[in-house]
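Q: The structure is given below, and queries will be raised subsequently.
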Amino acid sequence: MTKKKISGREMLFQICMIILFVVLFIICFYPFYYIFIASISNPQSVTSTSIRFLPIQPTLSNFRKVLELNGIWRSFIVSLARTVIGTMVTLLFTSMLAFTLTQKELPCRKFFYRFAVVSMYINAGLIPWYLTMRSLHLKDSFLVYILPTALSAYCLVLVKTYIESIPTALEESARIDGAGYFSIYWKIILPVCMPILAAVIVFTAVGQWNSWTDNLLLVDDNNLRTLQLTLLEYLNRANNIASQARTGGAVVDGSNITPFTLRMTITMVVTLPILIVYPFMQKYFIKGIMIGAVKG
Amino acid sequence: MEVAKRSKKRRYLTKGQLVLLGMTLPSILLITVFCYLPMSGWIYSFFDYRIGYKLSNSEFVGLANFRYAFGDTYVLKVIGNTLIISFLGMLNLPIACAIAILLSEVRFSKFRRAVQTVITLPNFISWVIVYSIAFALFSTDGLITSLIASITGQAPTATLLSNPATAKLFMVGLNIWKSAGYSSIIFFASITGIDPELYDAAKVDGAGRWHQIKFITVPSLLPTLMVLAIIQVGFILNNGFEQFYCFVNPVIRDQIEVLDYYVYRLGMLQNDVPLSTAVSMCKTFVSVVLVFSVNKLAKKINGQSVI
Amino acid sequence: MKRKVIAIVLVVAMIMSLTACRSSSNQSKGSSGNVAPTTSEGEELEDVTLNVFMDLGSTLSSGIQSDPVAEYIKEKTGVTLNLEGFDNQKESVMVASGDLYDVTIIDQPAYIPPLISSGSVADLSDWIQYAPNVTESSQASLKYSKEFLSDESGKLFVLPMRTKAEAVPSARDMDGNFVRWDHYVEAGSPAINSIDDLLDLLETIQKNHPETDSGQKTYAVSQWSDWGRGSFESQLSKYLGKTGIPLFSSYDTDDLEYHDLFDDENLYLAYAKYMFNANQRGILDPEAFIQRHEDYNAKLQDGRVLSTMYQWEINGINNELVNSGKAGFVDIPFADTKEYPAKIKCVAPFGYRQRLLVVSSKCDDKKMRAIMRLIDFVYSEKGARTIVNGPEGITWEIDDKGVANFTEETLKAQRADPTYLSTQGAKYYQGIIGLDYDLYDSTGKRFYDLTLNSDYIKDALNDYEKEYCKFYGIDVPLDVMTERKNQSVDNRAYEMLMPSEHPTDISRSTTSIEAYMEQQLPGLIMSKNQEEYDVKLAEIREKLKSMDYDTTNAYYREAFKNAVVTYDKLMK
């Protein structure tokens, strides 16, 4: 990592890599940049193909409109709460199960693992899912945001695979010292797994932050409304016009019906918090730090 | 359940096993309740069920719904599309892995971090918006189309959005663009976990960068890559319908119509619950069979079962 | 061991699913039967908060409402509105579980029978007397509801809303043959005596304006592909007087003749022919069937599409055109001849099938009384006026002669700020309006939506609209339609009388035939020449036969015939 002398071959390699990643950077960044300039353009004079590199009549009115929405800050708090709590719960259950599944002493180990893996492929359909949630009394409850996703089979697989790659010496020395399973899990496995747990945190938190169907179908209480649903409803107002026109009679006169800039602004509003937090997670993704730290 | 546990405790279970079970069963219970319990809804697929009616008032139709879903010759084409798009989509994993490996070899840490952040961005853009942007770039007046037109000096006859010949590749490409960066997070994490002593030892032996990648990084990532690949094989019939819902048009529909969109169109849109249930039931069976077959295969080759 | 675990899991699963079944089938009890009297006039109104599931339109957000109209409703009925936005998925799980809101607006008649059989909806038969305005304004819809949206008992469970008992010119959100007035004049203001004349006009316009100001290529005709069957309609459906129904069939609005896809009089085939000819002349956007509606609308805004068929689409665009000193889009009528029995008027004696109001059977008497007050209000003339114009006394009042008019202040404020009425809550609650938007009031001459009346419109005409009126010798643009001799009435009742639930095989073959047509029509339209067009059409018809078209078509033909017969019987 530190700059020693750089050989000619190394130089060539680094340059190639930089060119490659600059191209990748542009491919991934331009669409997002496009969304950004669309979101600060004047909604009345913008259509999708007219925007290219610069905003048209820059304005913050789109953002103002979105941030002035009724109840948006409350729903922001709800979304934040479900993201933080939901992620922590998922992290706990998933990593704990991943740990026990690597322990040979656990009865029916293989069965439990397969039972979890298969659950990924089951899609029962909307109505049975709704009826189940309802019969569990999760309707209009904050728990409906937390419990159904408390165990992520996909993350389970990731964590379990990671734990298996850890040298067993660590665990064994702890066992010789007389540590129980729980303390091995808590004191040794969890810290060592930080990199993969960081990935799990990113996946789960993004999933929590972005989900809204559970809110739409199961939670009517406005105090538990999430940011995503609030924004979606706002966006749908614009879409409603076209859909109503199809079923006989539109509703609004004179207003601009393109939800284009609105959609772009909403994407910015929901993505920015993720982008602010994500770089803090990146420090867990630096080559070779973790194991070394624990070992040393 | 309580009773069963207690009786077991007395006879067979050691303290260690008890602790482990105590740590395991809550999670298993969660899976049971939230994934397996709603499976009772599969029963709809054997009835002429309509939303709101009780099952007891619905006529039992046996396998008629399955026959309808898979009886049409068009569905073969749909399954064909699904398989092609999914197989090509599996490139996602090696690409994500390559990105992670190569990027961690880049020396400039600020640049590395910036790229790492930016490549995850496409994942946060919903398909509806991806479509809007694609239309802005690739339609007849789009940025890229007009750029190409001004270079070649002729107007394109069909754009990426409407060219049946390239439609599948375009869909796959978009999908990889959207998900590869995000998936690479897993590999970044896995690379982090590799014991640095291995690299040090290799360096002492005079191994170059290429050898380090080949003999240390790749083998260390292999278990993760394998397990993810096997999981993805199980998802071979699932492409999600959103992407196709956004990009479909009459010109390219028969090229890119995948099973999920087909079911959406036939089932959800028309509230045909038995039909969509029948298809998702079949999808689950196919997934499970595939996953365990591939797993067996891996065991034969590798000597070790992954799942 | 493994077996035991499986057994335990199974037992738990069974217990859970049993409880799930029980609670979902246990909705049938509830009120109804004996009815307590509502509070009589003068008594204090009970304050009740009602949860209402409805289309929120483009201004409302869910939750408790506090705009001027909501305040007015509260004052008149004691009802505080707590709204929840309509959503298809949500509707389907509500129907499946019977968890209705106090007042729910269902958008599919097919959902009504299961809701009745599970006992989720309240019987309104005895309650309806407390909403005299419904009985007065929408008698036919009640009769219809008891016969077609009920079980054998013939009770009243559903109120179909947006009723329009008598045929009235459609004044809002018209379809039409819209091109820019200055383009039309520039093209020599030709009369449209045939579809070829229309194509000539469009071709001339495109020739005159081949590019937009920013240099992008224009097309006279365009379209979109994401509205299913609705993507294949045009101004022809208005002027030919044809209405599309499932299976890509259509009927003539004047003589109610049914035309299937083997009949060249069919609306969609007429459309295909028209679009094919447009394409032959090079005036059809090559992306017509690739783009989605939002792309089409964006092109329209950019001036890259030169004609359109929906008024709501151009409202905003016209405002911008006027602001930049240009002329807006106007409806250029087809010749007033027998071939073009334009759909000018609309009648919906049974309301609209997307607006079926039901009340949850879980409501207690106090809530029921409040609900009936709310229903009575939205079906009253005063209520309807308030919903479309804002609250009485604030934006409008009734003068000495008993005529409703905007107040002077409102007119002034509206002129200064065109969104003024909207800030007063006008048009927010159209999702729960009882009477249709453009309906005459009890004077029989004036729309209760005051912005539709000629005295209001005349004051607000733009220059190009004045020229348009002068050209046709009329007072306000709407008269181009109303003064037409050859016109027909769009009767929404036939749609309501078609069966709402089909046998499974019929609904499935309908789905596959419609999907097939959606895919084939663009190809047909884009045919290179007449010969290819004919060959393709023959191929399509051949293929249709192998898709059970005959059986399915016979079913719809019969259903439509029955609808016509039933309508005559009901309206006698």
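Q: Does C:Gly98 qualify as being over 20 Å from C:Arg369 (Cβ atoms), at the interface with chain A (Cβ under 8 Å from one of its Cβ atoms) and either at pLDDT 90 or above or touching a Gly at 6+ places or on another chain (Cβ under 7 Å) (or both)?
A: no
Q: Please go through the stretch B:217-256 and pick out each residue that is touching a residue at least 40 places away in the same chain (Cβ under 8 Å), among the β-branched types (Val, Ile, Thr) and assigned to a loop (DSSP other than H, G, I, E, B).
A: B:Ile236, B:Val251, B:Ile252
Q: Just to be sure, is C:Glu287 open to solvent by less than 20 Å² (accessible area, probe 1.4 Å) and within 14 Å of chain A (Cβ to nearest Cβ)? Step through it out loud before you land on a result.
A: Working: open to solvent by less than 20 Å² (accessible area, probe 1.4 Å): yes; within 14 Å of chain A (Cβ to nearest Cβ): yes.
Answer is yes for this residue.
Q: Scan the stretch B:43-53 for residues that are in a helix (DSSP H, G or I) and open to solvent by less than 30 Å² (accessible area, probe 1.4 Å) and jot them down.
A: B:Tyr44, B:Ser45
Q: Oh, and also: I'd like the full set of residues that are more than 7 Å from chain A (Cβ to nearest Cβ), small (Gly, Ala, Ser) and out of contact with any strand residue (DSSP E or B) (no Cβ under 7 Å at 6 or more places or on another chain), limited to the stretch C:290-309.
A: C:Gly303
Q: Would you check if C:Tyr251 is under 30 Å from C:Ser145 (Cβ atoms), of a type outside the set (Asp, Glu) and surrounded by 22 or more Cβ atoms within 10 Å (Cβ to Cβ)?
A: Judged against the criteria, C:Tyr251 is a match.
Q: Do we have any residue at all in the stretch A:68-87 that's over 17 Å from A:Trp209 (Cα atoms), within 14 Å of chain B (Cβ to nearest Cβ) and not aliphatic (A, V, I, L, M)?
A: No, there is no match, as no residue in the stretch A:68-87 is over 17 Å from A:Trp209 (Cα atoms), within 14 Å of chain B (Cβ to nearest Cβ) and not aliphatic (A, V, I, L, M).
Q: Would you point out which residue out of C:Lys536, C:Lys572, C:Lys528 is open to solvent by 50 Å² or more (accessible area, probe 1.4 Å) and farther than 30 Å from C:Asn279 by Cα?
A: After ruling out the rest, the residue left standing is C:Lys572.
Q: Just name the residue that is nearest to the other protein chains (Cβ to nearest Cβ) out of those in the stretch C:202-213 that are open to solvent by 30 Å² or more (accessible area, probe 1.4 Å) and touching a residue at least 24 places away in the same chain (Cβ under 8 Å).
A: It comes out as C:Asp213.
Q: Has the stretch C:65-72 got any residue that is buried (at least 19 other Cβ atoms within 10 Å of the Cβ), more than 10 Å from chain A (Cβ to nearest Cβ) and under 21 Å from the mean Cα position of the chain (by Cα)?
A: There is no residue in the stretch C:65-72 that is buried (at least 19 other Cβ atoms within 10 Å of the Cβ), more than 10 Å from chain A (Cβ to nearest Cβ) and under 21 Å from the mean Cα position of the chain (by Cα).
Q: A follow-up question, please. Can you find a residue in the stretch B:180-198 that is farther than 30 Å from B:Pro122 by Cβ, within 11 Å of chain A (Cβ to nearest Cβ), open to solvent by less than 40 Å² (accessible area, probe 1.4 Å) and touching a helix residue (DSSP H, G or I) at 6+ places or on another chain (Cβ under 8 Å)?
A: Within the stretch B:180-198, one or more residues are farther than 30 Å from B:Pro122 by Cβ, within 11 Å of chain A (Cβ to nearest Cβ), open to solvent by less than 40 Å² (accessible area, probe 1.4 Å) and touching a helix residue (DSSP H, G or I) at 6+ places or on another chain (Cβ under 8 Å).
Q: Taking the options A:Gly249, A:Gly288, name whichever one is open to solvent by less than 40 Å² (accessible area, probe 1.4 Å), touching a Pro at 6+ places or on another chain (Cβ under 7 Å), modelled with pLDDT under 85 and within 7 Å of another protein chain (Cβ to nearest Cβ).
A: Answer to the selection: A:Gly288.
Q: Let me ask something else about it. Check whether at least one residue in the stretch B:256-264 is over 15 Å from the mean Cα position of the chain (by Cα), at pLDDT 90 or above, buried (at least 17 other Cβ atoms within 10 Å of the Cβ) and acidic (Asp, Glu), and report yes or no.
A: Looking for residues that are over 15 Å from the mean Cα position of the chain (by Cα), at pLDDT 90 or above, buried (at least 17 other Cβ atoms within 10 Å of the Cβ) and acidic (Asp, Glu), one finds at least one in the stretch B:256-264, hence yes.
Q: Continuing with the same structure: Can you report the number of residues in the stretch A:194-230 which are within 13 Å of chain B (Cβ to nearest Cβ) and modelled with pLDDT under 90?
A: Total meeting the criteria: 2.
Q: Same structure again: Among the candidates A:Arg114, A:Arg82, single out the residue that is in contact (Cβ under 8 Å) with a residue 40 or more places away in the chain and either among the basic types (Lys, Arg) or surrounded by fewer than 20 Cβ atoms within 10 Å (Cβ to Cβ) (or both). I'd like the intermediate steps shown before the answer.
A: Values: A:Arg114 fails: in contact (Cβ under 8 Å) with a residue 40 or more places away in the chain.
The match here is A:Arg82.
Q: Scan the strands (runs of 3 or more DSSP E) fully inside the stretch C:305-395 and keep the ones with 2 or more residues being of a type outside the set (Ser, Thr, Tyr).
A: Once the strands (runs of 3 or more DSSP E) in the stretch C:305-395 are filtered for at least 2 residues that are of a type outside the set (Ser, Thr, Tyr), what remains is C:329-331, C:342-348, C:356-359.
Q: Also, I was wondering about something else. Taking the stated definitions as given, is A:Ser75 open to solvent by less than 30 Å² (accessible area, probe 1.4 Å) and part of a helix (DSSP H, G or I)?
A: Criteria met by A:Ser75.
Q: Hey, C:Glu514 hits all of (1) modelled with pLDDT of 95 or more; (2) within 24 Å of B:Leu275 (Cα to Cα) but one; which does it fall short on?
A: (1)
Q: Here is a follow-up. Exactly one of these conditions fails for C:Glu501: (1) buried (at least 17 other Cβ atoms within 10 Å of the Cβ); (2) of a type in the set (Asp, Glu); (3) within 26 Å of C:Met161 (Cα to Cα). Give me its number.
A: Every condition holds for C:Glu501 apart from (1).
This table checks each residue for (1) modelled with pLDDT of 95 or more; (2) surrounded by fewer than 19 Cβ atoms within 10 Å (Cβ to Cβ).
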{"site": "C:Met275", "(1), (2)": "yes, no"}
{"site": "C:Gln280", "(1), (2)": "yes, yes"}
{"site": "C:Asn297", "(1), (2)": "no, no"}
{"site": "C:Leu306", "(1), (2)": "yes, no"}
{"site": "C:Ser324", "(1), (2)": "no, yes"}
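Q: For the stretch B:129-166, give me each residue that is of a type in the set (S, T, N, Q), modelled with pLDDT of 85 or more and crowded, with 22+ Cβ neighbours inside 10 Å.
A: Those that are of a type in the set (S, T, N, Q), modelled with pLDDT of 85 or more and crowded, with 22+ Cβ neighbours inside 10 Å: B:Ser132, B:Ser139, B:Ser162.
Q: Sticking with this one: So which residues in the stretch A:74-84 are within 11 Å of A:Ile146 (Cα to Cα) and in contact with a helix residue (DSSP H, G or I) (Cβ under 6 Å, 6 or more places away or on another chain)?
A: Within the stretch A:74-84, the subset within 11 Å of A:Ile146 (Cα to Cα) is A:81-84.
Passing the criteria: A:Arg82, A:Thr83.
Each row is one residue, and each column tells you yes or no for (1) without any contact (Cβ under 8 Å) to a residue 12 or more places away in the chain; (2) of a type in the set (S, T, N, Q); (3) open to solvent by less than 10 Å² (accessible area, probe 1.4 Å).
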| position | (1), (2), (3) |
| --- | --- |
| C:Val358 | no, no, yes |
| C:Asp364 | no, no, no |
| C:Lys367 | no, no, no |
| C:Ala370 | no, no, yes |
| C:Phe377 | no, no, no |
| C:Ala384 | no, no, yes |
| C:Asn389 | no, yes, yes |
| C:Glu397 | yes, no, no |
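Q: Report whether or not B:Cys97 is assigned to a helix (DSSP H, G or I), at the interface with chain A (Cβ under 8 Å from one of its Cβ atoms) and within 26 Å of B:Val233 (Cα to Cα).
A: no
The values are calculated or read from the model by the stated rules, or taken from the named source; none is laboratory data. Quick caveat: nothing in here was measured; it's all calculated off a predicted structure. All Cβ positions, even for glycine, are placed from backbone atoms using ideal geometry, and neighbour counts span all protein chains on display. SASA here: full protein model, heavy atoms, side chains in, ligands and nucleic acids out. Shrake-Rupley method; radii C 1.70, N 1.55, O 1.52, S 1.80 Å.
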